[in-house]
1. Inside the range B:404-416, can you point out the residues that are under 36 Å from the mean Cα position of the chain (by Cα) and surrounded by 10 or more Cβ atoms within 10 Å (Cβ to Cβ)?
2. Pairs please, first residue from the range B:243-260 and assigned by TED's automatic domain parsing to the domain that holds B:ILE290, second anywhere and loosely packed, with under 15 Cβ neighbours inside 10 Å and aliphatic (A, V, I, L, M), Cβ atoms under 9 Å, 6+ apart in sequence or on different chains.
3. Might you check whether a residue that is in contact with a His (Cβ under 8 Å, 6 or more places away or on another chain) and facing chain A (nearest Cβ under 9 Å) occurs anywhere in the range B:112-123?
4. Kindly provide the set of residues from the range A:207-251 that are over 31 Å from the mean Cα position of the chain (by Cα) and within 13 Å of chain B (Cβ to nearest Cβ), ordered by number.
5. Looking for whichever is surrounded by 21 or more Cβ atoms within 10 Å (Cβ to Cβ), in contact with a Cys (Cβ under 7 Å, 6 or more places away or on another chain) and hydrophobic (A, V, I, L, M, F, W, C) here; the options are B:LEU268, B:LEU276, B:LEU308. Which one fits?
6. Of everything in the range A:6-58 that's at the interface with chain B (Cβ under 8 Å from one of its Cβ atoms) and among the acidic types (Asp, Glu), which residue is farthest from B:GLN177 (Cα to Cα)?
7. Which is out of contact with any helix residue (DSSP H, G or I) (no Cβ under 9 Å at 6 or more places or on another chain), touching a residue at least 24 places away in the same chain (Cβ under 8 Å) and crowded, with 24+ Cβ neighbours inside 10 Å, of B:ALA185, B:ALA220?
8. Quick check on my filter: what residues within the range B:79-95 are open to solvent by less than 10 Å² (accessible area, probe 1.4 Å) and either part of a loop (DSSP other than H, G, I, E, B) or more than 7 Å from chain A (Cβ to nearest Cβ) (or both)?
Amino acid sequence: MNDAVMPRRPDEHGVPDPFPYMHPTLKDNYGNWAWHDRPRPGVLHHVAHGGDEIWTVRAGTQRQMDVGTIRKLCDLADEYADGFLRFTTRSNAEFMCTTLDKTGPLIEALNEAGFPVGGTGNSVSMISHTQGWLHCDIPGTDASGVVKSLMDELHHEFTHEEMPNRVRLTTSCCQINCGGQGDIAINVQYTKPPKINHDLVANVCERPAVVARCPVAAIRPAQVNGKPSLEVDEKKCICCGACYPPCPPMQINGDDSTKLAIWVGGKHSNARSKPTFHKLVAANLPNNAPRWPEVAAIVKRILQAYKEDAQAWERLGEWIERIGWSRFFELTDLAFTKHQIDDWTGARQSLNASAHLHF
Amino acid sequence: MTKKSHDTPLLDELKSGPWPSFVEGLERLAKDEEKPGADMMKDLLGQLEHSYETRRGYWKGGTVSVFGYGGGVIPRFSEVAADYPESSEFHTLRVQPPAGMHYSTKLLRDMCDIWEEHGSGLIALHGQSGDIMFQGCTTDNVQPAFDDLNKIGLDMGGAGPALRTSMSCVGHARCEQSCYDEVRAHREVINGLLDEMHRPALPYKFKFKFSGCPNDCVNAIHRADMAVIGTWRDDMQVDQEEVKKHVAKVGRKQMIDTVVSMCPTRALSLNDDDTLDVDDKSCVRCMHCINVMTKALSPGKDRGVTILMGGKRSLKIGDQMGTVIHPFLKLETDEDYEKLNEFAEECIDFFAENALEHERIGETIDRIGLANFLEALDVPVDPNMVNHPRTSSYVRTDDWDIEAEKWFEHKKATAK
């Protein structure tokens, strides 16, 4: 092979060593922090055993950032945070300041540049989300747009710490739910079986793999119009969309059949109660781009009820655990339907086998 | 001649409001005519507007990779390329960030320069698995873009049936609750198994996540095939003077309501002199009281990790959280870290050899039973692995005495 056209072999660095990219005060006190507090929403104050202090200013971003936005964040980090910054798992940017004095001007500069400061403590932080129409190959809705719309509505809750405890929101643009569990999760919920383009199945799909993918064994091989294809037993089909990724001709999205559902009470942390999954509280909401107002209205209603009724440090799911689901549906004016009674494997564990009732 | 922009009335509605707008960012890239990605972003905006109108996605996958690696590039080809030709190829490069997502502005600026030259100029910080996602690249430019990123010390992340990019919390770098060196564990485990990331050959994906304490800030129990969670075995550290100060500041009622009453195992009580009485044998290391009284309380000194395995999302058997496999592994010395690395490798080997195609490790464990999985990995059973012993009598117990003997022997061997 001609050396000139031989591609370059990669250096297998693996996970980069973060120390060259870490703020010097963080590096100097690595593993030696003593305690922290929060002087105001959006600012964390950490004190090391040796007495060093660092003030972290947390700012929301749009996650999907153009180079101009990233360079703006860099300019601010150069001016106020010694040329370093980091990101949280929820795409917030964190600037580390060595004195409290620097935080005020930094916050002003961030706000000036359009970045809200907050997301700490008992606030509503940035929504962890997926790719949606921008980049995913199987999306039922957009992700960045839903998040932008919701965060516009929840700006006050991001920049203030007025909730009983932290609130973690997630969105997912298909039922695989890459956005993950949340206090409130906004996820696509399909409502119709896949529409199959039988002309394409044989060429595009590995049929046994698609049959194996169905959680309810509703797909079987079939000859349609003389061609090998697949058919779906629509009485068995639960419209989960699992067949669509391995077989795009099994289109799960429809003009009006791709809906949104809202789930509540998911929790990652082990604090107080064990981690939990979120539970279905509303479905069949329209996929109403570009601002999804019906979804935003319900999310805000749930947050309002939680804010007014929960006790300090209760996460949303823990609040419901205390007041009971009857009261939750009453306070949020949402419907409890037969579809909220689980019938999947292990469902019996979600039924109330006691005389403990809420009236 | 300058390429015309598409009208995007629906997306334009996402430019107003107080939250930073990704649409404005996309437009800035589309309007930067000096840069090679401008026309691609014009058509990308056009296709995205089309999705907003029709409520459909128009990307399909394919096969694109870089020389020497089998994964890490997410290929995207447009199904409506006839109308939006410049964004007909819009691939993503998944790249691993420095552990803990620390950046110098120099590194970020270098990333921007490279992506502006070879790609669209759109970067997501970060994806749900923790990757830097360089979004929007033609097939031809994937190799030169990666070469330049690789030259500044970055490496490809995971995709497909492979070891995936991992995440660790801020931990030791800026958190007093951190119970182990997350950076070290993250880098040693992942970098020791890199071949499984770069050359996908596993039955399905495998994710590790590293959280420094049970607050689990990287959501490991829900999202990771192997969750490594910091914890401690000895008594929680209590500074009684700071406890008194806290009580004086917030009052007894608030202290009792928000700390003592919220302890899940009733392990706390407020003494008459406003100091805290802790029943450490009953404490489950949930972190709540430490979260509330950050100055007075902290984790104990005998630190290590709890390992849980089997977390995943819906497909196909339903949601699963990880469950306890190792209640406690001491993580302090070089030898301790070596043991963690070895265990991770054994789990990957077991997964590679025993999982069915498209099966996550949690599903494998479900299929064969936790007891068989533990036996295969030579991990002794422990009551911390279950909420309670079995309630079903459908089990053969003819070798009970042999198993009981093992339990007592193990207890003797591990007695302090």
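The values are calculated or read from the model by the stated rules, or taken from the named source; none is laboratory data. Since we're looking at a predicted model, the values are computed, not measured. Neighbour counts are summed over all protein chains in view; Cβ atoms, including those assigned to glycine, are modelled from backbone coordinates with ideal geometry. In case anyone asks, the SASA skips ligands and DNA or RNA and just uses the protein heavy atoms, side chains included. Shrake-Rupley method; radii C 1.70, N 1.55, O 1.52, S 1.80 Å.
1. Of the residues in the range B:404-416, the ones under 36 Å from the mean Cα position of the chain (by Cα) are B:406-407, B:410-411, B:413-416.
Of everything in the range B:404-416, those that are under 36 Å from the mean Cα position of the chain (by Cα) and surrounded by 10 or more Cβ atoms within 10 Å (Cβ to Cβ) turn out to be B:LYS406, B:TRP407, B:HIS410, B:LYS411.
2. Correct list of pairs: B:GLN254/A:ALA312; B:ASP257/A:ALA312; B:THR258/A:ALA312.
3. no
4. Within the range A:207-251, just A:PRO208 meets the criteria.
5. B:LEU268
6. Applying the filter and picking the extreme gives A:ASP11.
7. Residue meeting the stated conditions: B:ALA220.
8. The answer is B:SER87, B:PHE90, B:HIS91, B:LEU93, B:VAL95.
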